[in-house]
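*Asks:* Please see the structure below; I have some questions.
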């Protein structure tokens, strides 16, 4: 996601250059000063591949980090950003760690791959008003902010032009006006970036504005923040959401069971105990979770903690992420294994998003064609 500096109150929201340098006592140890406020956690996040390698015990001058600043070209275009709370879960000295692989820039990102572009899911064509995507019937998505709590290297919005499309965290009036003028919209999705990189004060303002729109019945919040900086899910935020007149759903994003630390599960339990359902979306990623054991462990850990496995996404073909793509045939075999090993409610839907389609498309449907560069046949008919 693109950098943001401050909101009108002057508080750091996300990936500004005003950060707190941190002496590492990682890997495998808690952050050096113990638990901190979520905004401080963001300010002290790791911001270069060299620093990330040092934090997890890898050589800082490895062959795939050329240049005097230790940064790749792709890292200048899409910056490294990894909070210490997430980095502390990476296995020390393991270059193939599945969490590290999600956040460490590598040279493969600079290889151009046919079919991979800047807007793989057609977001720009769905821009209905400043900061609003309206793709599906009855639902509209508000790009709450450009900021994110972690920069995943496979992010499908890594090149999204937030500033040009009116996405902002200080004035959502154009988005609210659009929602008010479309009475068919009964569900609002807060996305970004990550909506939970916005302060409680601003989120309360936005929530109140949405609650005042009579035809809106549901609010869905898509966030990776409870995974990467679990203390962001504060008691005050949970209480405010649980008291809303709207039916509030929290959709988290975790790809590997190693991400689900005790702190993460504790904060999610607080949300669930308050009556907020929690769903999980994962992306099928090569070298991260493209094996049955990992996915089974992930699904079991989720349902054991009352979290519903919701979607398993085929990779969106964004430029720089081709090395993460898993063949669709592999994904289908994995889903067959999951169905044999797990109860039905613990098996996510295997889906992909096609620009212009009216919904996510299930990959189990024999009428669905999925284009996969990782497959031996680039047009795989399921």
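The values are calculated or read from the model by the stated rules, or taken from the named source; none is laboratory data. What you see is a predicted model, and the numbers here were worked out from it, not measured in a lab. Don't worry about glycine lacking a Cβ; one is built from the backbone with ideal geometry, like all the others, and counts go over all protein chains shown.
*Asks:* I'm trying to understand the selection: among the residues of the stretch 303-338, which are assigned to a helix (DSSP H, G or I) and in contact with a strand residue (DSSP E or B) (Cβ under 9 Å, 6 or more places away or on another chain)?
*Replies:* 303, 324, 328, 329, 331, 332, 334, 335, 338, listed by residue number.
*Asks:* Limited to the stretch 271-284, what total is found for residues that are assigned to a helix (DSSP H, G or I) and either crowded, with 19+ Cβ neighbours inside 10 Å or touching a strand residue (DSSP E or B) at 6+ places or on another chain (Cβ under 9 Å) (or both)?
*Replies:* 2
*Asks:* Output the number of the condition that residue 293 fails; it satisfies all remaining conditions of (1) farther than 20 Å from residue 252 by Cα; (2) crowded, with 19+ Cβ neighbours inside 10 Å.
*Replies:* Single failed check for residue 293: (2).
*Asks:* I need the full set of residues from the stretch 293-302 which are over 16 Å from residue 350 (Cα atoms), out of contact with any strand residue (DSSP E or B) (no Cβ under 6 Å at 6 or more places or on another chain) and in contact (Cβ under 8 Å) with a residue 12 or more places away in the chain, in order please. Steps first, answer last, please.
*Replies:* So in the stretch 293-302, the residues over 16 Å from residue 350 (Cα atoms) come out as 293, 297, 300-302.
Now drop any that are not out of contact with any strand residue (DSSP E or B) (no Cβ under 6 Å at 6 or more places or on another chain), which leaves 293, 297, 300-301.
Correct list: 297, 300, 301.
*Asks:* With the condition being at pLDDT below 95, I'd like the helices (runs of 4 or more DSSP H) fully within the stretch 53-148 carrying at least 2 qualifying residues.
*Replies:* In the stretch 53-148, 73-77 are the helices (runs of 4 or more DSSP H) which contain 2 or more residues that are at pLDDT below 95.
*Asks:* Same structure again: When the stretch 118-155 is examined, which residues are found to be at positive phi and surrounded by 21 or more Cβ atoms within 10 Å (Cβ to Cβ)?
*Replies:* Of everything in the stretch 118-155, just one residue is at positive phi and surrounded by 21 or more Cβ atoms within 10 Å (Cβ to Cβ), namely 131.
*Asks:* Does residue 295 meet the test of being under 19 Å from residue 343 (Cβ atoms), in a helix (DSSP H, G or I), within 18 Å of the chain's Cα centre (by Cα) and modelled with pLDDT of 95 or more?
*Replies:* The answer is yes for residue 295.
*Asks:* Continuing with the same structure: Here's a check for you: in the stretch 41-50, which residue that is touching a strand residue (DSSP E or B) at 6+ places or on another chain (Cβ under 9 Å) and in a helix (DSSP H, G or I) is surrounded by the fewest Cβ atoms within 10 Å (Cβ to Cβ)?
*Replies:* Here the residue is 43.
*Asks:* While we're here: What number of residues in the stretch 339-353 are touching a strand residue (DSSP E or B) at 6+ places or on another chain (Cβ under 8 Å) and either assigned to a strand (DSSP E or B) or free of Cβ contacts under 8 Å to residues at least 40 places away in the same chain (or both)? It would help to see each step written out before you state the result.
*Replies:* Of all residues in the stretch 339-353, those touching a strand residue (DSSP E or B) at 6+ places or on another chain (Cβ under 8 Å) come to 345-353.
Then drop every residue that is not either assigned to a strand (DSSP E or B) or free of Cβ contacts under 8 Å to residues at least 40 places away in the same chain (or both), which leaves 349-352.
Residues in the stretch 339-353 being touching a strand residue (DSSP E or B) at 6+ places or on another chain (Cβ under 8 Å) and either assigned to a strand (DSSP E or B) or free of Cβ contacts under 8 Å to residues at least 40 places away in the same chain (or both): 4 in total.
*Asks:* Against the condition farther than 30 Å from residue 272 by Cα, within 21 Å of the chain's Cα centre (by Cα) and either at pLDDT 95 or above or surrounded by 15 or more Cβ atoms within 10 Å (Cβ to Cβ) (or both), how does residue 374 come out, does it pass?
*Replies:* no
*Asks:* Sticking with this structure for a sec: Assuming residue 202 fulfils every condition listed in (1) crowded, with 23+ Cβ neighbours inside 10 Å; (2) in contact (Cβ under 8 Å) with a residue 60 or more places away in the chain apart from one, which condition is it?
*Replies:* (1)
*Asks:* Another question, if that's okay. Every residue in the stretch 235-264 that is within 19 Å of the chain's Cα centre (by Cα) and more than 21 Å from residue 103 (Cβ to Cβ), please.
*Replies:* If the condition is that a residue be within 19 Å of the chain's Cα centre (by Cα) and more than 21 Å from residue 103 (Cβ to Cβ), then 248, 249, 250 are the ones that fit.
*Asks:* Would you mention how many residues in the stretch 299-308 are farther than 15 Å from residue 267 by Cα and crowded, with 23+ Cβ neighbours inside 10 Å?
*Replies:* Here the count works out to 1.
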